[in-house]
C-alpha cells in the first residue's frame with residue numbers, strides 16, 4: 001500500500017511540475033516575442049505622433065499601425081488618446097478609423113461574451129470614438145461591469161437620452177452601476193444639467209442625494225432653483241448635498257438661504273453652509289459664521305474658520321479675536337486656520 | 001511506543017492530505033478569481049476615477065518608529081500617489097532617532113489643531129503638525145505606544161471616507177489606491193480591502209519608486225519572495241471566492257473609516273493587530289447585519305523590505321505566530337458557529353487547524369518519521385510517501401504561485417530561474433527553521449509573552 005501511495009504522490013507531483021514548467025517556458029517565450037515586437041511598436045508610435053502633431057501624411061502612420069497586431073495597435077492608440085486633446089485627438093481618431101480599429105471595437109461590443117463587450121466599450125470610450133447607439137444598448141446590459149463601462153463612455157457630447165438613462169441608473173440595484181452613473185453625470189457637467197434639473201424637480205426622484213452630488217460636478221446656475229428647493233428636504237443627507245451645491249454655484253442670490261442654513265440641526269448642513277458662504281466671499285454674514293466657531297462638531301468649526309478667512313479682513317478680525325480669546329474650541333479652530341498657508345486654505349475650502 | 005509512532009505518522013499523513021486538499025482548492029479558486037479579475041480590468045480607465053468628484057476620499061495612515069533613514073522618500077512617494085484629495089497622516093510613534101526632525105526639515109511643519117475629537121484613546125499626543133510645503137500632509141507626534149496605537153492616533157485625525165493603513169517603509173505603487181478602492185465602489189458590503197505585498201529587497205528603487213523589480217539572489221530574501229507570492233496569489237486570492245479573507249496585511253490595507261472607528265480601532269494588547277481588526281470587523285458586521293466583506297485585490301501593489309538576517313526573520317515569524325494564536329484565542333467563539341457563516345464554518349477552522357496547529361503536527365510528524373525509521377517500525381517507502389505528500393507538494397504549489405504571477409503580471413523579466421530555485425530550496429532547511437520559529441512563538445504565547453514585538457532593522461531604499 002505504501003509503495004502505491006508513494007507512486008501516486010510522485011506521479012501527481014511530477015505531472016504538476018512538468019505542466020508548471022511548461023507554462024513558465026511559454027510565458028518566457030511570449031515575453032521574448034513581445035520584446036522582439038517592441039521596435040515595431042516604437043516605430044508605429046513615432047509615426048502616429050508625427051501624423052497627429054506635425055500633420056505628417058497618413059500613409060506611413062497607417063502602414064506602421066497595420067504592421068501591428070490588432071490588440072497592440074488598439075493599446076497604442078489608447079495610450080496616445082490619453083495624452084492628446086482637441087484637433088490632435090480628432091486626427092488620431094481619424095487615423096484609427098482608417099485603420100479600422102474602432103470598427104473592430106464596435107464588433108466586440110456586439111459579442112456574446114461579456115468580457116469582449118467590456119473590452120470593446122472600454123476601447124471606444126478611451127479612443128473617444130463615441131457611438132451613442134452602442135452605449136445605449138450596453139447601458140441595458142445584464143453584466144454590471146459592462147453597464148458601468150458604458151456609463152463611463154457618456155460625456156458632454158452625448159445625446160440627452162443617454163443622460164436620462166444614466167439618471168435612471170442612480171437607483172440601480174448594482175452599486176458599481178450607480179457609482180458609474182453618478183461619476184459620468186458629474187463628469188458631463190453642464191450637458192447633464194437639464195436632465196438632472198428635471199429629475200430633481202420630478203415627484204418620482206428616488207435618489208435626490210446622488211443626483212445632487214452628481215450636479216456638484218458641473219457648476220451651472222440652472223441648478224439654483226432645485227438646489228434652493230432641496231435645502232428644505234426632510235432628509236439631512238439631501239439637505240447637506242443641496243447646501244454644498246448651493247455653495248458651489250456661487251450665486252449671491254443663494255447667500256440668504258445659506259445664512260439661514262447655518263442654524264440647521266444637522267452638522268453636515270451647517271458645515272456646507274459655512275463653506276458655501278466662504279466661497280461666496282460675502283462678509284455680511286461673518287458674525288453668524290463666527291458663532292459656528294463654538295459649534296460642538298469639529299467639521300463645522302473648521303468650515304466656519306476657513307469661511308471667515310475667505311471673507312477677507314472682517315472675517316479674519318473675528319478669527320484673531322477668537323484665537324486671542326479663552327482657550328477652547330473656538331480658539332483652536334481659529335488658530336488652525338491662521339497658521340495655514342494661503343494655498344492650503346484654497347484647497348481646503350473646496 | 002511503536003504503536004504511538006505509527007499513530008502519529010498516520011495523523012501527520014491525514015493532516016498533510018487535509019493541507020494539500022485545501023491548497024488545491026485554493027489554487028483552483030485563485031486561478032478562477034485571477035481569470036475573472038484579468039477580464040474585468042482589461043483596458044480599464046483608472047484616470048476617470050482619478051478625476052471624478054464623487055470618488056471616496058482616502059487618508060493614508062503611516063506609523064513611523066525610528067524610520068529616519070527612509071521617512072523622507074516614503075512620505076514623498078505617498079504624496080505623489082495618484083488619487084484626488086489624498087490626505088497623508090504620518091504618526092511619529094515616539095521615535096528615539098531623528099524621524100520627526102527629518103520630517104520638520106523636509107516638509108516645513110507647523111503646529112496645527114487636530115481635526116476632530118479623539119474617538120479612540122491613544123498614548124498622549126504631543127503635537128499635530130501640518131506641512132506648509134504639502135497641504136495634504138499631517139504629522140502626529142505622540143509618545144510611544146506601538147504600531148496599533150499609532151494607527152489609532154492616525155484614525156483620530158484622518159478625515160477620509162476610507163483609511164489606508166500601511167507601514168512607513170512600504171512603497172505603494174502610484175496607481176495602487178485607484179485599484180484597491182474599486183471593491184468599495186462596486187459593493188457597499190465591503191468593509192476592508194487589501195492589495196498584494198511584494199518583496200523589494202534587491203530591486204532597483206529610485207525616489208521611493210520601484211524602477212526594476214529583481215529576484216534576490218540571496219537565499220533568505222529570495223525564499224521570502226516565493227513565500228509572499230504564494231501567500232497572496234494563492235492564499236488571499238483563493239479565499240476571495242471561499243468566504244472572503246481574514247487577513248489584510250498591515251503593510252497595505254484599505255478600511256472604511258467610520259466602521260473602523262465604530263468598532264474601536266486597533267487593539268493594543270496584541271501583536272496580530274491587523275488580523276484581529278479584520279476578524280473583529282467581520283464579526284461585528286455579521287452580528288449586527290452590517291457590512292462585513294473583506295476582499296483581496298491582486299493588482300494594487302505595495303513593496304516591502306523583508307528581513308535579511310536569520311535573527312530578525314526569526315523574531316518576525318515568532319511574532320506572527322503569537323499574533324495568530326492571540327486572534328484565534330480571542331475569537332474562538334466563531335469557530336464552527338454557523339451564525340458567522342463562512343467565517344465561522346470555514347475560515348476560522350482553517351486558520352486554527354492548518355495555520356495555528358500545523359507547525360505542531362508537522363514537528364511531531366517529522367519526529368515520528370525519524371524515530372520510526374531508527375526503531376525500524378516504519379516502512380521506508382511509507383516514510384518517503386509521507387515526505388512526498390507533506391514536503392514534495394510544497395514545490396508545485398510554490399511554482400504555481402510563481403507561474404500565476406508571471407502569467408498575470410510579468411513583474412520579473414529576469415531571474416525566473418532564481419524563483420524556481422527558491423521554490424525548491426525553501427523546503428530544504430528554511431521550512432524546518434520556520435517551523436522552529438513558529439513553535440517558539442506558540443510556546444512564548446503560552447508562556448504569556450503576548451505583546452512583545454522585538455526590534456526590526458531597516459535600511460534605506462535607493463540603490
Query - Residue among A:219, A:154 that is part of a loop (DSSP other than H, G, I, E, B), crowded, with 19+ Cβ neighbours inside 10 Å and within 14 Å of chain B (Cβ to nearest Cβ) - result: A:154
Query raised in the report: Can you name the residue in the stretch B:67-84 that is touching a residue at least 40 places away in the same chain (Cβ under 8 Å) and not in a helix (DSSP H, G or I) and is also surrounded by the most Cβ atoms within 10 Å (Cβ to Cβ) among such residues?
Result: B:67
Query raised in the report: Considering the stretch A:157-191 alone, what residues qualify as being away from chain B (no Cβ under 13 Å) and assigned to a helix (DSSP H, G or I)?
Result: A:160, A:161, A:162, A:163, A:164, A:165, A:167, A:168, A:169, A:190, A:191
Requested in this report: Run down B:462, B:405, B:379 and say which single residue is closer than 30 Å to residue B:279 by Cα, at pLDDT below 95 and in contact with a helix residue (DSSP H, G or I) (Cβ under 9 Å, 6 or more places away or on another chain).
Outcome: B:405
Report summary line: Of the residues in the stretch A:103-138 that are part of a helix (DSSP H, G or I) and without any contact (Cβ under 8 Å) to a residue 24 or more places away in the chain, the one that is nearest to residue A:167 (Cα to Cα) is A:133
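Okay, residues lined up against (1) part of a strand (DSSP E or B); (2) surrounded by fewer than 20 Cβ atoms within 10 Å (Cβ to Cβ); (3) on the phi < 0 side of the Ramachandran plot:
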{"residue": "B:192", "(1), (2), (3)": "yes, no, yes"}
{"residue": "B:196", "(1), (2), (3)": "yes, no, yes"}
{"residue": "B:201", "(1), (2), (3)": "no, no, yes"}
{"residue": "B:216", "(1), (2), (3)": "no, no, yes"}
{"residue": "B:225", "(1), (2), (3)": "no, no, yes"}
{"residue": "B:236", "(1), (2), (3)": "no, no, yes"}
{"residue": "B:244", "(1), (2), (3)": "no, no, no"}
{"residue": "B:250", "(1), (2), (3)": "no, no, yes"}
Query raised in the report: Looking at the stretch A:192-212, which of its residues are within 14 Å of chain B (Cβ to nearest Cβ) and more than 23 Å from residue A:159 (Cβ to Cβ)?
Result: A:209, A:212
Requested in this report: Count, please, the residues in the stretch A:9-36 that happen to be at pLDDT 85 or above and farther than 23 Å from residue A:71 by Cα.
Outcome: 12
Query raised in the report: Looking at this structure, is residue B:11 within 30 Å of residue B:227 (Cβ to Cβ) and either surrounded by 22 or more Cβ atoms within 10 Å (Cβ to Cβ) or under 26 Å from the mean Cα position of the chain (by Cα) (or both)?
Result: no
Query raised in the report: Any idea how many residues of the stretch B:147-166 are buried (at least 22 other Cβ atoms within 10 Å of the Cβ) and either without any contact (Cβ under 8 Å) to a residue 40 or more places away in the chain or in a loop (DSSP other than H, G, I, E, B) (or both)?
Result: 1
Report summary line: Exactly one of A:92, A:65, A:138 is surrounded by 23 or more Cβ atoms within 10 Å (Cβ to Cβ) and farther than 28 Å from residue A:35 by Cβ, and that residue is A:138
Query raised in the report: Just one of B:441, B:392 is surrounded by 17 or more Cβ atoms within 10 Å (Cβ to Cβ) and either within 11 Å of chain A (Cβ to nearest Cβ) or out of contact with any helix residue (DSSP H, G or I) (no Cβ under 8 Å at 6 or more places or on another chain) (or both); which is it?
Result: B:392
Requested in this report: Check residue B:130 against each of (1) assigned to a loop (DSSP other than H, G, I, E, B); (2) within 14 Å of chain A (Cβ to nearest Cβ); (3) touching a helix residue (DSSP H, G or I) at 6+ places or on another chain (Cβ under 8 Å) and name the one condition it does not meet.
Outcome: (1)
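The values are calculated or read from the model by the stated rules, or taken from the named source; none is laboratory data. Keep in mind the model is a prediction, meaning the values are calculated, not measured. Don't worry about glycine lacking a Cβ; one is built from the backbone with ideal geometry, like all the others, and counts go over all protein chains shown.
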